[in-house]
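First the structure, in the form of structure tokens, and then the observations on it.
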Amino acid sequence: MGPDWYDKSVLILGCGNILFGDDGFGPAVAQRLRRNFTIPGDIYVLDAGTSVREILFDTILSDKKPSKIIIVDALDCSRKPGELFSLDVDSLPKIKIDDFSLHQAPTSNLLRELRDLYGIEVIVTACQVAHIPDSVSPGLSEPVREAVEAAAEMLAREHLS
């Protein structure tokens with residue numbers, strides 16, 4: 001036995017810290033998917049919060065692995081706030097490498113290892129942040145809040161059907 005997601009073929013992981021403004025995008029999308037859409041039995045949607053590294057590490061160590069991992073997170077890639085876009089793991093912005101979020105080197109290394117060594121398809125669905133504060137300040141900006149519904153609908157259309 002293992003975690004609830006242990007034997008699922010697709011993991012959708014909403015990543016980010018809800019206490020730091022727009023960084024809460026990923027968890028908000030995961031929550032909207034779980035509340036508003038029917039999740040097929042072979043897919044698991046998880047609000048990973050700031051624990052994505054532990055989940056990915058557990059996945060590497062587990063006997064069963066998903067065929068696809070979808071990371072949902074907020075990024076600053078100098079786009080229009082609230083804009084949704086996809087990135088390859090190798091294209092994660094270097095400016096985020098050392099912060100507390102998904103993009104620390106160990107996490108991106110784990111994603112590359114899952115892709116390269118285990119053949120798992122890794123998709124990063126991102127939203128351009130308007131602002132991530134330096135101190136605790138929960139709540140999404142208006143453009144990012146509006147992008148939550150669009151992201152959930154897009155993910156449902158592409159992966160839950």
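The values are calculated or read from the model by the stated rules, or taken from the named source; none is laboratory data. As the structure is a computational prediction, the values presented were derived from the model and not from experiment. Neighbour counts are summed over all protein chains in view; Cβ atoms, including those assigned to glycine, are modelled from backbone coordinates with ideal geometry.
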Residue by residue through region 7-45, note down the ones that are more than 23 Å from Gln128 (Cβ to Cβ) and part of a strand (DSSP E or B). Val10, Leu11, Ile43, Tyr44
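Okay, residues lined up against (1) under 24 Å from Ser108 (Cβ atoms); (2) of a type in the set (A, V, I, L, M); (3) free of Cβ contacts under 8 Å to residues at least 24 places away in the same chain; (4) crowded, with 18+ Cβ neighbours inside 10 Å:
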| site | (1), (2), (3), (4) |
| --- | --- |
| Tyr6 | yes, no, no, no |
| Gly26 | yes, no, no, yes |
| Ala30 | yes, yes, no, yes |
| Asn36 | no, no, no, no |
| Pro40 | no, no, no, no |
| Ala48 | yes, yes, no, yes |
Scanning for something hydrophobic (A, V, I, L, M, F, W, C), at pLDDT 90 or above and in a helix (DSSP H, G or I), does region 84-98 turn up at least one residue? no
Report, by residue number, each residue of region 50-77 that is part of a strand (DSSP E or B) and surrounded by fewer than 18 Cβ atoms within 10 Å (Cβ to Cβ). Lys68
Between Ala130, Ala126, Ala150, which is part of a loop (DSSP other than H, G, I, E, B) and not charged (D, E, K, R)? Ala130
May I ask you to list pairs of residues, at least six apart or on different chains, whose Cβ atoms are under 8 Å apart, with the first in region 132-161 being within 26 Å of Val122 (Cα to Cα) and the second being of a type in the set (Asp, Glu)? Ile132/Asp22; Ile132/Asp23; Ile132/Asp76; Leu140/Asp22; Val144/Asp22; Ala147/Glu83
